[in-house]
1. Rounded, prolate or oblate: which fits the range 65-116 when a ≥ b ≥ c are the square roots of the eigenvalues of the alpha-carbon gyration tensor, with rounded for a/c under 1.5 and prolate only if a/b beats b/c?
2. Using only helices, what value at 222 nm comes out for the chain when you add -39,500 (n - 2.57) per DSSP H run of length 4 or more and divide by the total residues, to the nearest 500 deg cm²/dmol?
3. Semi-axes of the equivalent ellipsoid for the chain, please: Cα gyration tensor eigenvalues, times 5, square-rooted, ordered largest first, whole Å.
4. For K70, which aspartates and glutamates qualify as cross-link partners when the Cα separation must be under 16 Å and same-chain residues fewer than eight apart are set aside?
5. Going highest first, how would you order 67-73, 8-14, 56-62 by mean Cβ packing within 10 Å?
6. About its Cα centre, what dipole magnitude does the chain give when the only charges are +1 on Lys and Arg Cβ and -1 on Asp and Glu Cβ, stated in debye to the nearest 20?
7. Lone cysteines in the chain, going by a 4.7 Å Cβ-Cβ cut-off?
8. Charges on Cβ only, +1 for Lys and Arg, -1 for Asp and Glu, centred on the Cα centroid of the chain; of A107, T71, V23, which one is farthest towards the dipole's positive end?
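None of the figures in this text is laboratory data; all of them are computed from the coordinates on show. The structure presented is a predicted model; accordingly, all values stated were derived computationally and were not measured. No Cβ is skipped: glycine too gets one built from the backbone with ideal geometry, and neighbour counts run over all protein chains shown.
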Amino acid sequence: MSDWTDEERELAQRVRDGHAVVVNVRKSGPHKNLVPWLVEHDLITYIGHRGNRHSWPESDFANPFVKEGKTDRAAMVRHYREYLDGRPDLLARLDELSGRALGCWCAPEPCHGDVLLAHLEGDR
């Protein structure tokens, strides 16, 4: 933990305190020291798509509008919010994400993880 950034320490503490957070799972990303610790302690849920270049599994919470983020990130987030609001099956499962790190590729950029976090915090 000595080589962790202040942000990584803060995120780890929030998870320890029972809050959900959004983290970047890139091996060279801003949370590169935190993610292995989260995995080791089973405190992370990946919320993205399965891919050929990583071992994370497909998530039911993955963003079907992810490609839109390359041109209009705000629209991508808005469309995911509308999508999630129309998915009572996923809304009923949000408690699975409570108190966990939500792993994606976008953080700290705006992403669908922020939408999930807002729902968890009752701040939709």
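1. Numbers: a/c = 2.91, a/b = 1.34, b/c = 2.17.
Taking the square roots of the gyration eigenvalues as a ≥ b ≥ c, the range 65-116 is oblate.
2. Details: 5 runs with 44 residues, N = 124.
Value at 222 nm, helices only, nearest 500: -10000 deg cm²/dmol.
3. Ellipsoid half-lengths, sorted descending, are 23, 17, 13 Å.
4. Correct list for K70: E109.
5. Numbers: 67-73: 12.7, 8-14: 16.3, 56-62: 14.7.
Averaged packing, sorted descending, gives the order 8-14, 56-62, 67-73.
6. Numbers: 17 positive and 21 negative charges, 92 e Å.
For this selection, approximately 440 debye.
7. Cysteines lacking a close Cβ partner in the chain: C104.
8. T71
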